[in-house]
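Report on the structure given below.
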Amino acid sequence: MTDKAFILWHSMSDQALAANIGAFVKHHRLEQNKTQDTLSHEAGISRSTLSLLERGETVTLATLIQVLRVLDQLQVMNAFEVQQHISPLALAKAEQGKRKRARNTKTQDPVKSDW
């Protein structure tokens, strides 16, 4: 199966994962018809650093983010979003503390004015 949905990412080596990231960057660079020189200049990195990234070699996380930003591919960061999940028990306790009714408060004697 070559469908990306069936790739077992956890079974891949670090080098294979880096190569996949590099292929992603290269694909989107070519899709936008940008040369390595153009993209590296726009991202504020050297062309050799971009070449390392596209070959799956070691680069910094900041470099990857700069390149993704220039390629307008920051949506991949959605995979790293942390979502808070509340347990059913905690939800029930939170609901228990909420007000169920409004209370009619009696007003005290109005303040008399000299008007």
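Answer yes if at least one residue in region 26-35 is in contact with an Asp or Glu (Cβ under 7 Å, 6 or more places away or on another chain), under 26 Å from residue 7 (Cβ atoms) and of a type in the set (D, E, K, R), and no otherwise.
yes
Could you check region 40-63 and list, in sequence order, the residues that are assigned to a helix (DSSP H, G or I), out of contact with any Ser or Thr (no Cβ under 8 Å at 6 or more places or on another chain) and farther than 18 Å from residue 18 by Cβ?
41, 42
Return the residues of region 37-48 that are crowded, with 18+ Cβ neighbours inside 10 Å and either of a type in the set (S, T, N, Q) or over 20 Å from residue 76 (Cα atoms) (or both); say none if nothing qualifies.
Once the filter is applied, which keeps residues that are crowded, with 18+ Cβ neighbours inside 10 Å and either of a type in the set (S, T, N, Q) or over 20 Å from residue 76 (Cα atoms) (or both), region 37-48 yields 40, 45.
Can you pull out the residues in region 64-91 that are surrounded by 10 or more Cβ atoms within 10 Å (Cβ to Cβ), part of a helix (DSSP H, G or I) and aliphatic (A, V, I, L, M)?
64, 65, 67, 68, 70, 74, 76, 77, 90, 91
Got at least one residue in region 61-69 being over 20 Å from the mean Cα position of the chain (by Cα) and not aliphatic (A, V, I, L, M)?
No, because not a single residue in region 61-69 is over 20 Å from the mean Cα position of the chain (by Cα) and not aliphatic (A, V, I, L, M).
Consider only pairs whose beta carbons are under 8 Å apart and that are at least six residues apart or on different chains; among these, list those whose first residue lies in region 14-34 and is of a type in the set (S, T, N, Q) and whose second residue is surrounded by 16 or more Cβ atoms within 10 Å (Cβ to Cβ).
Sorted first by the residue in region 14-34, then by its partner, the pairs are 15/56; 20/56; 32/71.
Exactly one of (1) in contact with a helix residue (DSSP H, G or I) (Cβ under 7 Å, 6 or more places away or on another chain); (2) surrounded by fewer than 17 Cβ atoms within 10 Å (Cβ to Cβ) is unmet by residue 23. Its number?
Answer for residue 23: the failing condition is (1).
No lab work stands behind these numbers, since they all come straight from the coordinates. Nothing here was measured: the structure is a model prediction, and the numbers come from that model. Positions of Cβ are backbone-derived with ideal geometry, glycine not excepted, and every protein chain shown enters the neighbour counts.
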